[in-house]
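In what follows, a single structure is set out as structure tokens and then discussed.
The values are calculated or read from the model by the stated rules, or taken from the named source; none is laboratory data. Values in this document were obtained by computation on a predicted structure and should not be read as measured data. Glycine gets a Cβ as well: all are built from the backbone with ideal geometry, and neighbour counts include every protein chain shown.
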Amino acid sequence: QAFFKPIQRAGLPSPAKRHTKISVIGAGNVGMAIAQTILTQDLADEIVLIDANPDKLRGEMLDLQHAAAFLPRTKIHASVDYELTVGSDLCIVTAGARQNPGESRLDLLQRNVALFKNIIPPLARFSPETILLIVSNPVDVLTYVSWKLSGFPSNRVIGSGTNLDSSRFRFLIADHLDVNAQDVQAYIVGEHGDSSVALWSSISVGGVPILSFLKNQQIAYEKATLEKIHKEVIDSAYEVISLKGYTSWAIGYSVANLARSILRDQRKIHPVSVFANGFYGIEGGDVFLSLPAQLGRGGVLGVTNVHLTDEEAERFRDSANTILDVQSQLGI
Ligand code: 6V0
């Protein structure tokens, strides 16, 4: 006998809600921070966790399931088998070797490319319509690797890129000016990490462009002061890793924010790693780098034509060349 007696609802269509399924590959610190943020924000009906370590995976799954009484209703599954990901709307890839203290992101590359050859093809096979959101580092190169291995159109392969760098930037500016970080518009573009490019001319607070405001008030600003804030952004990842061993909360929120824009078709602009050929003179090879991009249910819907100074465009092209150089050695 059923626990509930079904009510006849003659003539009424059953409430049809689209079922949303997200798979998170890699149940480490970053993958679990993303999964738990997605859960608390009610972004999915079903979350699938995939990892190579079955014990850790089951432990993480049970731990999350035990919070069901306090969370929006979401089915949580976990497996080492990719078949469970079938029909995912979004696949978030965080699997990989962790960045050790002092290790550069590019050093991680060879280790992670080998892993991706076992991860991306089954994801693409089981969810041919999915959007791939790559988080593992070095994220720009691994987004390119995922695009190649999946055979997907480039609008459905996105790297979390400088989304996190930009939120660190917004926090530091907000802290400096004692305002809410959500009112600060500021973008870091280019390569995630050491060679990222801060777009000073794009910074505004509550719609007021900061540099021209300072100029109008005849407040002298030193380029060195601005560069110091950018350096702080770059150093902050290394600082968190050296202090607690990994980063998790900020990347968790930043990726959940991307998931919301994509799955709820929010058409918001995020600095994420996208196919960057043809932008700012990038030619001669396929490369993914962060630019402010509009995200929605179709993945990348467009890229903002943001103004870069000559110096910024040159640094952007330098990052592209460095990445192209590395990619040429991958044999992908
Ligand atoms: P972690 O805690 O070591 O987790 C990695 C997980 O991947 C572990 O649970 C492994 O068992 C699992 N794994 C390894 N191989 C496979 C495989 N073949 N298939 C499935 N799972 C596998 O690392 P952490 O979670 O701290 O970091 C994960 C990745 O995210 C690293 O590459 C980081 O550098 C990267 N980050 C990227 C950021 C960004 O802004 N793009 C920010 C933070 C971390």
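One table, with the values for the structure above:
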| read-out | value |
| --- | --- |
| Residue list for the range 265-282, filter: at pLDDT below 95 and polar (S, T, N, Q) | Asn277 |
| Residues that are among the β-branched types (Val, Ile, Thr), at pLDDT 90 or above and closer than 14 Å to Glu191 by Cα, drawn from the range 283-322 | Val287 |
| Members of the range 141-177 found to be among the hydroxyl-bearing types (Ser, Thr, Tyr) and assigned to a loop (DSSP other than H, G, I, E, B), listed by number | Ser160, Thr162 |
| Verdict on Ser254 being hydroxyl-bearing (Ser, Thr, Tyr), crowded, with 19+ Cβ neighbours inside 10 Å, within 30 Å of Glu129 (Cβ to Cβ) and touching a helix residue (DSSP H, G or I) at 6+ places or on another chain (Cβ under 9 Å) | yes |
| Residue count, the range 136-190 (criterion: out of contact with any helix residue (DSSP H, G or I) (no Cβ under 6 Å at 6 or more places or on another chain), farther than 13 Å from Leu289 by Cβ and β-branched (Val, Ile, Thr)) | 2 |
| Subset tally (residues that are closer than 11 Å to Thr74 by Cα and near the ligand (Cβ under 6 Å from one of its atoms)) for the range 25-43 | 0 |
| Residues (surrounded by fewer than 18 Cβ atoms within 10 Å (Cβ to Cβ), under 24 Å from Leu109 (Cα atoms) and of a type outside the set (Ser, Thr, Tyr)) located in the range 181-201 | Asp194 |
| Inter-residue pairs, beta-carbon under 7 Å, first assigned to a helix (DSSP H, G or I) and in the range 307-332, second modelled with pLDDT under 85, 6+ apart | Val326/Leu106 |
| Qualifying positions in the range 164-175 - away from the ligand (no atom under 16 Å from the Cβ) and closer than 17 Å to Gly207 by Cα | Ile173, Ala174 |
| Test: Leu308 is touching a helix residue (DSSP H, G or I) at 6+ places or on another chain (Cβ under 7 Å), of a type outside the set (S, T, N, Q) and surrounded by 19 or more Cβ atoms within 10 Å (Cβ to Cβ) | yes |
